[in-house]
Amino acid sequence: MSLRPRDPLDRLLTVADHALRALTSTPSATRPTPAATRADRTLDPAERRLSGALMRVNHVGEVCAQALYSAQALATPDPALRRQFEHAAGEESDHLAWTSERLKQLGARPSRLNPLWYSGAFAIGLLAGRSGDATSLGFMVETERQVERHLDGHLERLPAADATSRAIVRQMKDDEAGHATAAERAGAARLPLPVRWAMRVAARVMTTTAHYV
Ligand SMILES: [Fe+2]
Ligand SMILES: [Fe+2]
């Protein structure tokens, strides 16, 4: 992703292009899909449904990550910070591609509400970005730490037989931890407790809904 807007029309086109690619195209990864260390056992129908639902939730998370980083990169006046958001967004693109590919393999579909999730996350990312760079980085830390814990929970819930999904989730979790650490090092401010609490509630609404829709 490259977001170096020169004028308002450029900004609009870049943001629209990025949104369309996140929502409609088949994403391609820059890194190979994480390989499972052992072969999948054949999933029974219930296991396949559960894996499909959990990977749909994770795919929605990656759609939101694209929106957040797109908005945060757009909002910052600092070129170095913009590069940091773009670097994270590049890794999130891999996550988007891996989860999208895995959904297809499991015969599951992405969330029908992805345009809604993207728009909401973009608005939140813009709000975070406009609150200043330290706050925007603080928002990045809190988001990534919450995602890390969420993925940990999925490693407990994913069927033991689904080694492929588990390998993808494990790599994503490592990457999200790296994004949080990089944001902390770049001078993130700690967000107030009510904001962190509101973020947890919003994430809970998203993950619960995306499990089914
Ligand atoms: Fe991610
Ligand atoms: Fe991340």
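Values quoted throughout were computed directly from the atomic coordinates according to the rules given, and no laboratory measurement underlies them. Since we're looking at a predicted model, the values are computed, not measured. Because the Cβ atoms are built from the backbone with ideal geometry, glycine has one as well, and the counts that use them run over all protein chains shown.
Observations on the structure shown:
- The angle between the Cα long axis of helix 133-157 and the longest principal axis of the Cα atoms of the chain comes to about 0 degrees, rounded to the nearest 10.
- Here the peptides 56-64, 44-52, 169-177 are ranked by packing, the mean other Cβ count within 10 Å, and the order with the highest first is 56-64, 169-177, 44-52.
- Selected from Leu126, Leu43, Ala177, residue furthest toward positive end of dipole (the chain; charges at beta carbon): Leu43
- For the range 207-213, 3J(HN,Hα) computed residue by residue from phi via the Karplus equation (6.51, -1.76, 1.60; θ = phi - 60°) reads 5, 5, 5, 5, 4, 10, 10 Hz, glycine and proline entered as x.
- In nm, spacing of pseudo-spin labels at Ala35 and Ala177 (7 Å Cα→C-beta vector): 2.3 nm
- Our estimate of slack between Ser119 and Thr208, defined as 0.36 nm per intervening residue step minus the Cα-Cα distance, is 30.2 nm.
- Phi angles across the range 167-172 convert, under the Karplus curve 6.51 cos²θ - 1.76 cosθ + 1.60 with θ = phi - 60°, into 3J(HN,Hα) values of 5, 5, 5, 4, 5, 4 Hz, Gly and Pro given as x.
- Charge dipole (the chain, unit charges on Cβ, about Cα centre) - positive-most of Thr24, Ala188, Leu116: Leu116
- Taking the Cα centre of the range 1-154 as origin and assigning +1 to Lys and Arg Cβ atoms and -1 to Asp and Glu Cβ atoms, the resulting dipole is close to 400 debye.
- Our coupling estimate for the range 119-125, obtained by passing each phi through the Karplus curve with A = 6.51, B = -1.76, C = 1.60 and θ = phi - 60°, is 4, x, 5, 4, 4, 5, x Hz, Gly and Pro reported as x.
- FRET efficiency, 1/(1 + (r/R0)^6) with R0 22 Å, evaluated for Asp10 and Asp78 via beta carbons: 0.75
- Full extension of the segment from Arg149 to Gln105, taken as 0.36 nm per residue of separation minus the current Cα-Cα distance, would add 13.3 nm.
- A Cα-only calculation for the chain places Rg and Dmax at 16.7, 53 Å.
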